[in-house]
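Below is one structure, written out as structure tokens, with a few remarks after it.
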Amino acid sequence: MEGESLQYWVAFGRTAGVGPTRLRRLLNHCGDIEAAWKASPATLRACGFDQRALESLLRARETMDPRRELERVLRAGYKVECWDSDGYPRRLRDLEDAPPVLYLWGEWKDQDDYAAAIVGTRRASSYGQQVARELSSFLASNGVTIVSGLARGIDGVAHGGALEAGGRTLAVLGSGLDRIYPPEHRGLAEKIAAQGVVLTEYALGTEPEGRNFPPRNRIIAGLSLAVIIVEAGRSSGALITADFAAEQGREVFAVPGSIMRHGSEGPHRLIQNGARLLHSPEEVLEVMNLDLVARRRAVQDIIPENETERVVLSHLEEEPLHIDELRARCALPAAEVASTLALLELKGYARQVGGMHYVRARESAQGYRVE
């Protein structure tokens, strides 16, 4: 995305009182982010800005240089994604309260769409740590990206298990990228950034205040196909993540534990309320069809390219194309086009976006020759 537009997204991200709902309404009215940033007070009021939010935005426009704010982020070596970006995480995009701006440290990859969150108490028992490590290691070894919150206890162990298995992991912060919390996890964050992504909706300089962590839990859930609660007390933040996951239609798993342990209260209560009792890590793959990730990679290695695949893929674009139009362009039988598309989807080179419309997946640009 051009910096000319991205700077205004960053500016809104630094402005208090402008959440997803207000910004979406303002964008719908103004048409683009620059016009939204420069909107008149009358327009802002018409878009639902109360006096406090109005004053906050007007004050930000007087004191902030959007271009300088963007440059500060980029100079620090971080990336910025927003609702309009192609690189914005696909699973987050459809949430009503999706963060308008994300700051990323590391490289987002398409495979991160296949993710499971592992979260739990900061005061983890040896049993909880063992379960979290084995779960994350197994899932990461099967191509699943592990999402957690970089906190002490279960979160840190989950990240570590994924890294040790050579897999990918995402750490979602309740602070700015330059304010890693807890401080002793700075080294862990650096490893994650090298083998995954550290990300946040909070601008640089944002301190890890307690009020920031419940909202960040919706991002942990939103990035994931499944959320696994290992150990959690009755009032643990991990249970907030489970609530967000249920609201977002994600699968919630809970690991049972000893009835004598405080950390078992949260998972047991979730199981009482309908969460899946997790017997083994294989269940996560089975229930969420995450075994498709491993199968996709196996197919990429085993099945060679052929002329039909090259022809079909050469006609796919970033804009959705109906299968009938694709068949006409390829001059191939409908059944052959359909079966080839299914194979290209499994390999990760094509993607169906609804209504029998297909697009070329970004992976194809990296690993598939179409000459």
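The values are calculated or read from the model by the stated rules, or taken from the named source; none is laboratory data. These figures come from a predicted structure and were not determined experimentally. Note that we place each Cβ from the backbone using ideal geometry, even for glycine, and neighbour counts take in every protein chain shown.
Could you grab me the full set of residues in the stretch 173-200 that are among the hydrophobic types (A, V, I, L, M, F, W, C), out of contact with any Ser or Thr (no Cβ under 6 Å at 6 or more places or on another chain) and not in a loop (DSSP other than H, G, I, E, B)?
Those that are among the hydrophobic types (A, V, I, L, M, F, W, C), out of contact with any Ser or Thr (no Cβ under 6 Å at 6 or more places or on another chain) and not in a loop (DSSP other than H, G, I, E, B): Leu188, Ala189, Ala193, Ala194, Val197, Val198, Leu199.
Name the residue that is farthest from His279 (Cα to Cα), counting only residues in the stretch 253-268 that are surrounded by 23 or more Cβ atoms within 10 Å (Cβ to Cβ) and of a type in the set (A, V, I, L, M).
Going through the qualifying residues, I end up with Ala254.
Residues in the stretch 97-129 that are outside any strand (DSSP E or B), hydrophobic (A, V, I, L, M, F, W, C) and buried (at least 22 other Cβ atoms within 10 Å of the Cβ): how many?
First, pick out the residues of the stretch 97-129 that are outside any strand (DSSP E or B): 97-100, 107-114, 120-129.
When the remaining residues are screened for being hydrophobic (A, V, I, L, M, F, W, C), the result is 98, 108, 124.
When the remaining residues are screened for being buried (at least 22 other Cβ atoms within 10 Å of the Cβ), the result is 124.
Qualifying residue count for the region: 1.
Restricting to the stretch 321-355, and then to whatever is at pLDDT below 85 and in a loop (DSSP other than H, G, I, E, B), can you tell me which residue is farthest from the chain's Cα centre (by Cα)?
Result: Gly355.
Assuming Ala203 fulfils every condition listed in (1) buried (at least 18 other Cβ atoms within 10 Å of the Cβ); (2) outside any loop (DSSP other than H, G, I, E, B); (3) among the hydrophobic types (A, V, I, L, M, F, W, C) apart from one, which condition is it?
Just one mismatch for Ala203, condition (2).
Hand me the list of helices (runs of 4 or more DSSP H) wholly inside the stretch 7-82 holding 3 or more residues that are charged (D, E, K, R).
Here the list reads 20-30, 51-63, 66-75.
Please pick out the residue among Arg14, Arg24 that is under 24 Å from Arg68 (Cβ atoms) and crowded, with 16+ Cβ neighbours inside 10 Å.
Every option except Arg14 fails the conditions.
How many residues does the stretch 130-158 contain that are surrounded by 21 or more Cβ atoms within 10 Å (Cβ to Cβ), within 18 Å of the chain's Cα centre (by Cα) and either within 18 Å of Leu225 (Cβ to Cβ) or among the charged types (D, E, K, R) (or both)?
Residues in the stretch 130-158 being surrounded by 21 or more Cβ atoms within 10 Å (Cβ to Cβ), within 18 Å of the chain's Cα centre (by Cα) and either within 18 Å of Leu225 (Cβ to Cβ) or among the charged types (D, E, K, R) (or both): 11 in total.
Please find, among Leu74, Leu58, the residue that is within 24 Å of the chain's Cα centre (by Cα) and not small (Gly, Ala, Ser).
Just one listed residue meets the conditions, Leu74.
Considering each of Asp94, Asp113 in turn, give the residue that is free of Cβ contacts under 8 Å to residues at least 24 places away in the same chain and under 25 Å from Val359 (Cα atoms).
Asp94
Would you tally the residues in the stretch 218-251 being surrounded by fewer than 20 Cβ atoms within 10 Å (Cβ to Cβ) and either under 21 Å from Asn289 (Cα atoms) or outside the structural domain of Arg152 (by TED's automatic domain parsing) (or both)?
5
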